[in-house]
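Readers should treat all values here as calculations from the given coordinates under stated rules, not as data from a laboratory. Predicted, not measured: the structure shown is a model, and the values here were computed from it. FYI the Cβ positions are ideal-geometry reconstructions off the backbone, even for glycines, and counts take in every protein chain you see.
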Amino acid sequence: MTTTTLVLERRGDDETAQRVREVLDGETGVARVLTRADRGEVYVRHSAAKAPRHRLLSRLEDEGLAVRVKGR
């Protein structure tokens, strides 16, 4: 398992943070999703093999959510 930190386009956006959580919570390979809208971050604990970062990002983009991996 690995933890990926995603950054919300708008810090403090509770609605987007909640939507990201809803989308990723049911994904295969995702163990936990923790949102911190006040920091503009979402922490995703996931299997790199079953739920690689690019698939998570693609899933969020399909839902119209603007996020990026922290540090990129």
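Any idea what angle helix 14-25 forms with the longest principal axis of the chain, computed on alpha-carbon atoms, 0 to 90 degrees, nearest 10?
10 degrees
With everything on Cα atoms, drop me the angle between helix 53-62 and the longest principal axis of the chain, reported from 0 to 90° to the nearest 10.
Compared with the principal axis, the helix lies near 50 degrees.
What is the projected area of the convex hull of the Cα atoms of the chain, averaged over all directions, in nm²?
Details: hull surface 16.2 nm².
Over all viewing directions, the chain projects a mean Cα-hull area of 4.0 nm².
Taking the Cα centre of region 1-59 as origin, work out the dipole magnitude from +1 charges on Lys and Arg Cβ and -1 charges on Asp and Glu Cβ, in debye rounded to 20.
Details: 12 positive and 9 negative charges, 59 e Å.
Rounded to the nearest 20 debye, it is 280 debye.
When the helices in the chain are scored as -39500 (n - 2.57) per DSSP H run of 4 or longer and the sum is shared across all residues, what 222 nm value do you end up with, to the nearest 500 deg cm²/dmol?
Numbers: 2 runs with 22 residues, N = 72.
Mean residue ellipticity at 222 nm (helix-derived): -9000 deg cm²/dmol.
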